[in-house]
Amino acid sequence: MSETGNSSVLRRAKLIVGGIVAMLLIGAVIVLILRSFQAGALESSTALHAKQYVTTISPTAGGEGQPLTLPGTLLGVIESTVYARSNGYVVRWLKDIGSTVKKGELLAEIAAPEIDQELSQAISARDQASASAALAQSTADRWQSLRQKDAVTQQDLDERLSASNQAQASLAAANANVGRLRKLQGFNQVVAPFDGVVTRRNVDVGDLVNAGNGGVGQALFAVAQVDPLRLYVYVPQAYARQINVGDDVTVSLAERGGEQYRGSVARTARAIDTATRTMQVEIRIPNPGNTLIAGSYVQVTLPINVDTRALVVPTNVLLFRPDGTRIALVDPRGRVHLTLVKLGTDFGTTVEVLSGLGASDRLIVNPADSLADGDVVTLPVEAAHPGG
């Protein structure tokens, strides 16, 4: 019985061990299958994310009548930064950003105790000089009477007259000093230099301000006159002769869609900048409803018809590299070629390409700076198969 029982226990143990081994083998097979599926999915995902999707366009022919559009920035017709003229503390300010002000209107008040004390001292010095001048004049008058009676010498009289003149001069200097300090005290009232709008306020109550514009952050306010507005554009030398004072121009903003605003050429520099080979042109734009905001970036279309036989491309296809301007082209196999191009006239949103480009080339729009020659990119289906 004992041997039979031991044999049964041994058989049972073998069955249990075999079952465990079988389960481990099945688990290992399942893990290997799952890892295989995950590796395949990871490989597919990596390949998908490694693709560079790009959008392409073709260059357009220039032809006749290409309008000349140049970028510019709107500015107030008059812009001024208001500084303190005396040292002191800001007692109060009355106008904030966006406030409409008239010429001479109070913007802020400054307390300048040093100037007040200097003025009091100057007034006392003037009173002292006035008393000295009165005494010197009285003495000179008496010595003049004595001289008429030949009681004193002419030299004595001349000395008294000279002392009187010196005293009068000292009194005049004291009066001038009092006037100067009174004027300086008047600068404690910071006023608007012209009719306009406050565009910046850089001070608050209690701030210590210094006279002049020599230090950093000394400006108290900025005031601009925003009707009309002005802007400057720089016309290439080839078209400078076609610009005349009084010419009508069209101004547009990218964020306002098709809205256009009319302006006119106010003046030209009448000279070509030797560094850029362009002529500076000032344009005035009426802004009665304050619909335009000073500082806005705009596109200005000038009354010039530019005839060009070269290809024209948008400026967002250009890559500026140390060795020159390049454009990223895509061949039928999706491989990138960075071609060096020579640019012509800049029309603002578009630019003329004189060489390095063909009419059938596909250009990458907004190419990444990291794009390199030989990279493989993926085109959208409709772009890759225009006929499909």
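The values are calculated or read from the model by the stated rules, or taken from the named source; none is laboratory data. All values derive from a computational prediction rather than experimental measurement. Neighbour counts run over all protein chains shown; Cβ positions are idealised from the backbone, glycine included. In case anyone asks, the SASA skips ligands and DNA or RNA and just uses the protein heavy atoms, side chains included. Shrake-Rupley method; radii C 1.70, N 1.55, O 1.52, S 1.80 Å.
Numbers below:
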| item | result |
| --- | --- |
| Residues of region 95-118 satisfying the condition of being in a strand (DSSP E or B) and of a type in the set (A, V, I, L, M, F, W, C) | V101, L106, L107, A108, I110, A111 |
| Yes/no for V235 being open to solvent by less than 30 Å² (accessible area, probe 1.4 Å) and not small (G, A, S) | yes |
| Close pairs from region 266-288: first touching a residue at least 12 places away in the same chain (Cβ under 8 Å) and part of a loop (DSSP other than H, G, I, E, B), partner open to solvent by less than 30 Å² (accessible area, probe 1.4 Å) and of a type in the set (S, T, Y), Cβ under 9 Å, at least 6 apart | I272/T278 |
| Given (1) loosely packed, with under 10 Cβ neighbours inside 10 Å; (2) at pLDDT 75 or above; (3) among the β-branched types (V, I, T), number of the condition T4 does not satisfy | (2) |
| Members of region 355-377 found to be open to solvent by 40 Å² or more (accessible area, probe 1.4 Å) and assigned to a strand (DSSP E or B), listed by number | S355, V376 |
| Given (1) in a loop (DSSP other than H, G, I, E, B); (2) open to solvent by 50 Å² or more (accessible area, probe 1.4 Å); (3) touching a residue at least 60 places away in the same chain (Cβ under 8 Å), index of the condition N244 fails | (3) |
| Hits in region 289-305 - residues which are under 13 Å from L75 (Cα atoms), outside any strand (DSSP E or B) and either open to solvent by less than 70 Å² (accessible area, probe 1.4 Å) or of a type in the set (D, E) (or both) | L292, A294, G295, S296 |
| When residues of region 329-346 are limited to those that are in a strand (DSSP E or B) and at pLDDT below 85, the one most open to solvent (accessible area, probe 1.4 Å) | D346 |
| The listed residue being surrounded by 13 or more Cβ atoms within 10 Å (Cβ to Cβ), among the β-branched types (V, I, T) and at pLDDT 85 or above, out of I115, I110 | I110 |
| Conditions (1) surrounded by 17 or more Cβ atoms within 10 Å (Cβ to Cβ); (2) closer than 30 Å to E79 by Cβ; number of the one not met by K183 | (1) |
| Members of region 84-103 found to be more than 18 Å from Q225 (Cβ to Cβ) and either open to solvent by 60 Å² or more (accessible area, probe 1.4 Å) or in contact with a helix residue (DSSP H, G or I) (Cβ under 6 Å, 6 or more places away or on another chain) (or both), listed by number | R85, S86, N87, Y89, V91, R92, W93, L94 |
| Residues being farther than 23 Å from R180 by Cβ and of a type outside the set (S, T, N, Q) - total across region 67-89 | 11 |
